[in-house]
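**Student:** Can you read through this structure? Questions will come right after.
Here, each number is a calculation from the coordinates, and none is a lab measurement. From a predicted model like this one, the values you see are computed outputs, not experimental measurements. Please note: Cβ atoms are built from the backbone with ideal geometry, for glycine as well, and neighbour counts cover all protein chains shown.
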C-alpha cells in the first residue's frame, strides 16, 4: 500500500491524498459506506459504484458469527461473496464485542462473549481477529482494540489503552503478508497525554495507517474536535489517518479541515431507513405531513438519481407505507450526499479553494434553517 | 387502444398479440408485475424496464386510501408519481374491498367499508372506482365488481354476478373518454352457464378488453383450467383477454395455451420476500441450510443480473440476515423469471414452436424434481 499527498491546504491541515491498495486507488479524503453483514443495506453494489463509493467497510463481528469467515473464504472471499471488487476495510470486531455489555468478559488474552444471534459462547483475540479479517480477504485490516466508553475514569482509560497497545503489537505480529494493509488505532479517551502516548506507541510498532478510535461515543462535537486537534499532530503525515465511526456532515468537514483522510459511519444509511435525509441546507424528516403534497426533490441542489426522478411527496408516501423502495431511495440519496460532499472537498483542495468551500458549507445550512423553519 | 394478433398457434388456442395503448405497445401474452402502493415492492422502475416489464398493475383500493387519488392527480398522475412512463393497468378496488370480510357491507349502490389503515368509513361505487382510476391516469381501467369467494352457493353466485354486470354497465357509463381503455370482468363462479351468460352480458355492454375474474381464489388448478376452457370461447377473439390474479408459472403456460393474453399476480414478488425462488426446474426455498455453501446461481439456465453475480450461499445469507438486499435480489430474479417465461412463449408462438416449448417446460421441471430431491 502506498499513500501520496498531491496537495495540502495552505490555511488548514486539510490534505488531498491518494491511497493505493492492492484492489485499487482510494482518493482521499474519503467516506466509506458501511456494509455490516456483507451488504450496504438496501443498495446494489453497482449503485454504490455509480455514486462513487471507492471502498466499503465490512464488520468482522457480524461476518464471523454469520455466515462465518471460513465459509466466506471457501466461497472465494468477501469481495466475490458480495459482488464488490473494489477495496474493503474491515473493522476488528472490537467495537461490536465491547458493545455487548454484560454478555462479554475481557482479559489479557482477548474477549469472551455470547453471540447476539444464538447466545453461543465465542472468543475474539487479537490473533483471531486478524485471522478472520485475512480469511475475509480484507484489503485494510484494523487492529483489535477496546473502544472505551464515555465517560470513563482516567484509570480505566489508562489500563484499557495500555492493553489495546499490547494487543496492537500482537496484531502486527499475527498479520500475514498477503498484500493487505494493517492500521493501528489510537485510543486514550478524552485525555491529551494518553492519546499522545497511544499515538507514539503505535508508531513504535509501525502500521500502514493510523486510526483514531473511541470517538462518536456520546461526547459533544466540540470535545471530538479537541481530541482530533491534539491527536492528529502526533500521527505521521505520510500515512493515512482514519477517524472511526464518524459522523455527521459537519463532523466530516471539521475532520477534513483537521487533516483526517478517511471516515466511516452508519449515519447516512441508518438515517435513510428512518426517513431522515441529508441536504445542502441540513437534515429533513421525510415522514412529516408538510411534504405530502411537495412536488420538489429532496434537495434542489442535488443531482442524484433520487432527486432527479422523485418528489418529496412520493418519498413521504413510500415511508408512510413502509415500502422497501423507501429504504432503497433514501439510502441512495444519503450516500450520494456523503460521497458528493467528499468529492466537493477533494476538488476544493485541488483548486486551493477549501476555505471558500468551508464558509459556503455553513452558509447554506444557515439559510436552510430559515427556509425550513 | 388497438389489439392485433400477428400469429396464433396451430395446435392450441395460444395467441401472439400486440396491444397498443396510449402509453405504448404491450406484446402479449404478457405478465404484469403488481405495484400495489405505487411501487413494485423492492424494485426500481429502471430495473423493471431492464428486465422487460411492459406494464404494471396499480391497486385502486390502496392508492385511494393512501396517499389518495386526488393527491396523486395533483402531483401529475400515478406515472409521474412513481417514475414509470410505460402503461399502467389499475384494478377496481373490488378485490381488496371484498377481502375485508366483516369490515364491509354491499348494497346495490356499492360497498361501504372500513379502511384497514385507520378504520375510517369509506365507500366505493362503480362510479367512484372509475373516477379514482381516471384520476390516477390509468391506461387500462377495470370495472368495479365482486370477486366471488370459493366455494359459494349457486344462488349467491347468480345474484352477485348479476349485480356485477349491472355495475359493469354503470362503469361503462361513468368512464370518461380520455384515451384510457376499459375492461369488463367475467364472473359466474365455477358454473359454465353463469360464466357464459356473464361473458355475453359484458359483450352486450361492450368493452375494450375482457377479463376473467374470480379465479385463483382457492380452487384446484384443474378447476381453474376448466373455467378457462369453457369461458374463453365465449370471449371475442379480437379483444385482449386477461385472467386476473393468476398465477404460478404452470398457470401462465396453461392460460396462454388456452388463449389468455394478460396475467398479473403477486406470486413472484411476494414469494421473493419469503425466500421462494422460481427456476426452470421448479421452486426452491433459499432459506434451506443445503444452500449455505452452494457457490452456484439460483438457476444455471437463468441469465438475469442476480444469477450472473450472486451465489445461492450469498442469497441464503442475506435471507437469514433479514437484509433488504435479500428482497431486492430475490424479487429481481423472480420477476425476470416470469417475464422471461412470457418472452419465451411469445418467441415460440412467433416461430411456430409453442408445442415444443410446452413439452420442454414440463420436462425440465420433472428433471428438476430429481435434481433437487
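**Student:** How far apart, in nm, are two points set 7 Å out from the Cα along the Cα-to-Cβ line at residue A:270 and at residue B:250?
**Tutor:** Simple spin-label model gives 4.8 nm for this pair.
**Student:** Compute the angle between helix B:324-351 and the longest alpha-carbon principal axis of chain B, please, reported from 0 to 90 degrees and rounded to the nearest 10.
**Tutor:** Value to nearest ten degrees: 80.
**Student:** A further question follows. Can you grab the distance from the C-alpha centre of region B:240-266 to the C-alpha centre of region A:256-272, Å, no decimals?
**Tutor:** Region B:240-266 and region A:256-272 have Cα centres separated by 50 Å.
**Student:** Right, next: Using a Gaussian network model of chain A whose springs link C-alpha atoms within less than 10 Å, name the residue from A:16, A:258, A:74 with the highest mean-square fluctuation.
**Tutor:** Taking springs between Cα atoms under 10 Å, the residue moving most is A:74.
**Student:** In nanometres, what is the gap between the two model label sites at residue A:10 and residue B:74, each 7 Å from Cα along Cα-to-Cβ?
**Tutor:** 5.3
**Student:** Any chance you could check the Cα centroid distance between region A:311-373 and region B:103-130 for me, in angstrom?
**Tutor:** 42
**Student:** Also, I was wondering about something else. Summarise the partner chain shielding of B:282-293 as one whole number: the mean count of Cβ atoms from other chains within 10 Å of each residue's Cβ.
**Tutor:** Average per residue, whole number: 1.
**Student:** Can you give the helix-only mean residue ellipticity at 222 nm for chain B, where every DSSP H stretch with n ≥ 4 adds -39500 (n - 2.57) and the sum goes over all residues, rounded to the nearest 500 deg cm²/dmol?
**Tutor:** Helix contribution divided over all residues of chain B: -13000 deg cm²/dmol.
**Student:** Please work out, to two decimal places, the log10 of the ratio I(q)/I(0) at q = 0.11, 0.14 Å⁻¹ from a Debye calculation in which every Cα of region A:1-87 carries one identical scatterer.
**Tutor:** -0.38, -0.58
**Student:** Quick one: helix A:354-372 against the long Cα principal axis of chain A, what's the angle to the nearest 10°, folded into 0 to 90?
**Tutor:** 60
**Student:** List the distances, in nm and shortest first, from the label point of residue A:50 to the matching label points in every other copy, placing each point 7 Å from Cα along the Cα-to-Cβ direction.
**Tutor:** Ordered by distance, the counterparts are at 0.6 nm.
**Student:** Among B:297-305, A:53-61, how do they line up from the highest to the lowest mean number of other beta-carbon atoms within 10 Å?
**Tutor:** Most protected by this proxy first, the peptides run A:53-61, B:297-305.
**Student:** Take peptide A:315-324, look around each residue's Cβ out to 10 angstrom, count Cβ atoms belonging to other protein chains, and average those counts.
**Tutor:** 5
**Student:** So if R0 is 60 Å, what FRET efficiency would residue B:176 and residue B:290 give, r being the distance between their Cβ atoms, rounded to the nearest 0.05?
**Tutor:** The formula returns an efficiency of 0.60 here.
**Student:** Would you please put B:282-293, A:237-248 in order of how densely packed they are, using the mean number of other Cβ atoms within 10 angstrom per residue and starting with the highest?
**Tutor:** Working: B:282-293: 16.1, A:237-248: 22.1.
So the peptides B:282-293, A:237-248, ranked by packing, come out A:237-248, B:282-293.
**Student:** Can you give the extra length, in nm with one decimal, that the chain gains between residue B:109 and residue B:344 once fully stretched, where that is 0.36 nm per residue apart less the Cα-Cα distance?
**Tutor:** Gain in length upon complete extension: 80.2 nm.
**Student:** With the alpha-carbon atoms as the only input, what is the per residue convex hull volume for region B:177-272 in Å³?
**Tutor:** Residue-normalised Cα hull volume stands at 101 Å³.
**Student:** Still on this structure, please answer the following. Can you tell me the orientation of helix B:221-231 relative to chain B, as the angle in degrees between its alpha-carbon axis and the longest Cα principal axis, to the nearest 10?
**Tutor:** Taking Cα atoms only, the helix is inclined about 50 degrees.
**Student:** Let me ask something additional. What distance in nm separates the two pseudo spin-label positions at residue A:221 and residue B:155, each 7 Å out from Cα along the beta-carbon direction?
**Tutor:** 7.3
**Student:** Please work out the FRET efficiency for the pair residue B:200 and residue B:49, using the Cβ-Cβ distance as r and a Förster radius of 30 Å; give the result to the nearest 0.05. Spell out each step's value before the answer.
**Tutor:** On the way: r = 39 Å, r/R0 = 1.29.
That pair, residue B:200 with residue B:49, gives E of 0.20.
**Student:** Please report, largest first and rounded to whole Å, the three semi-axes of the ellipsoid equivalent to region A:272-372, where each semi-axis is the square root of five times an eigenvalue of the C-alpha gyration tensor.
**Tutor:** Working: eigenvalues 142, 44, 19 Å².
Each semi-axis is the square root of five times an eigenvalue, giving 27, 15, 10 Å.
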